1. Quick check on the stretch 74-117: of everything there that is hydroxyl-bearing (Ser, Thr, Tyr) and surrounded by fewer than 16 Cβ atoms within 10 Å (Cβ to Cβ), which residue is farthest from Asp56 (Cα to Cα)?
2. Counting only residues that are at pLDDT 95 or above and polar (S, T, N, Q), give me the helices (runs of 4 or more DSSP H) lying completely in the stretch 73-182 with at least 1 of them.
3. For the stretch 26-66, what are the residues that are surrounded by 15 or more Cβ atoms within 10 Å (Cβ to Cβ) and part of a loop (DSSP other than H, G, I, E, B)?
4. Residue pairs, Cβ under 8 Å, 6 or more apart or interchain, first in the stretch 146-172 and surrounded by fewer than 16 Cβ atoms within 10 Å (Cβ to Cβ), second of a type in the set (D, E, K, R) and part of a helix (DSSP H, G or I). List them.
5. Filter the stretch 96-124 down to the residues that are more than 15 Å from Val154 (Cβ to Cβ), in contact with an Asp or Glu (Cβ under 9 Å, 6 or more places away or on another chain) and hydroxyl-bearing (Ser, Thr, Tyr) and list them by number.
6. Residues to consider are Ala148, Ala100, Ala133; find the one that is at negative phi and in contact with a Lys or Arg (Cβ under 7 Å, 6 or more places away or on another chain).
Amino acid sequence: MKQKRLFSRLALVLVMPLLVTPDLAAQAASIQMNLLADWTTQKDTLMKIAAAMPEDRLGYKPTPPQRNYGEQILHIAEANVNQMKRLASTETAPVIDMKATSRAVILKALEDSFDYGTAVIKGQTDQTMLQAAAETRFDSFRGQSTRARVVSFVMGHTWDIYGQMVVYLRLNGVTPPASQRP
């Protein structure tokens, strides 16, 4: 009986560290992995909010000078592609039809833009993320940017448009997916 208890305690002492020690790979901070995690989370959130507006309301805009809901989605898709091209990837960028009005085409454009960004980020390393991105007209007010900064910028831009989309939904009596409760 004493031997069984001793064996149980010894097994517990040997197994416990395995249960509470975090995976070493999870402990290693990585710029590329952090950006990829944020990018994929943003894709999930944006795909849900983009699909939340009823199809017959995709042309809705609160005031005449603003983009309509569908145009907001396409604007995000276009910005994703244009900015991610700056990371010097060999991935083929999708073509975004900025005049699309069909829900299926608009949602596919958004999904394709995020999938392209995912492939581009996966092709980076922490070292390449710290390298200078290809210059564009945006550098005139931001200055030279690292590839990591480009990803961060386009994600911030997307969150800005997301906030506008929330307002569009609420003005149409739709609760945004992230605000829905069971």
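The values are calculated or read from the model by the stated rules, or taken from the named source; none is laboratory data. All of these numbers come straight from a predicted model, not from anything done at the bench. Here Cβ is always computed from backbone atoms with ideal geometry, including for glycine, and neighbour counts include all displayed protein chains.
1. Within the stretch 74-117, the subset hydroxyl-bearing (Ser, Thr, Tyr) is 89-90, 92, 101-102, 113, 116.
Now narrow it down to the ones that are surrounded by fewer than 16 Cβ atoms within 10 Å (Cβ to Cβ): 90, 92, 101-102.
Details: Thr90: 38, Thr92: 32, Thr101: 10, Ser102: 10 Å.
For the stretch 74-117, the residue satisfying everything is Thr90.
2. Details: elements: 103-122, 126-129, 139-142, 147-171.
Because the criterion is at least 1 residues that are at pLDDT 95 or above and polar (S, T, N, Q), the helices (runs of 4 or more DSSP H) in the stretch 73-182 that meet it are 103-122, 126-129, 147-171.
3. Passing the criteria: Met53, Leu58, Tyr60, Lys61.
4. Sorted first by the residue in the stretch 146-172, then by its partner, the pairs are Asn172/Arg57.
5. Ser102, the sole residue that qualifies.
6. Ala133
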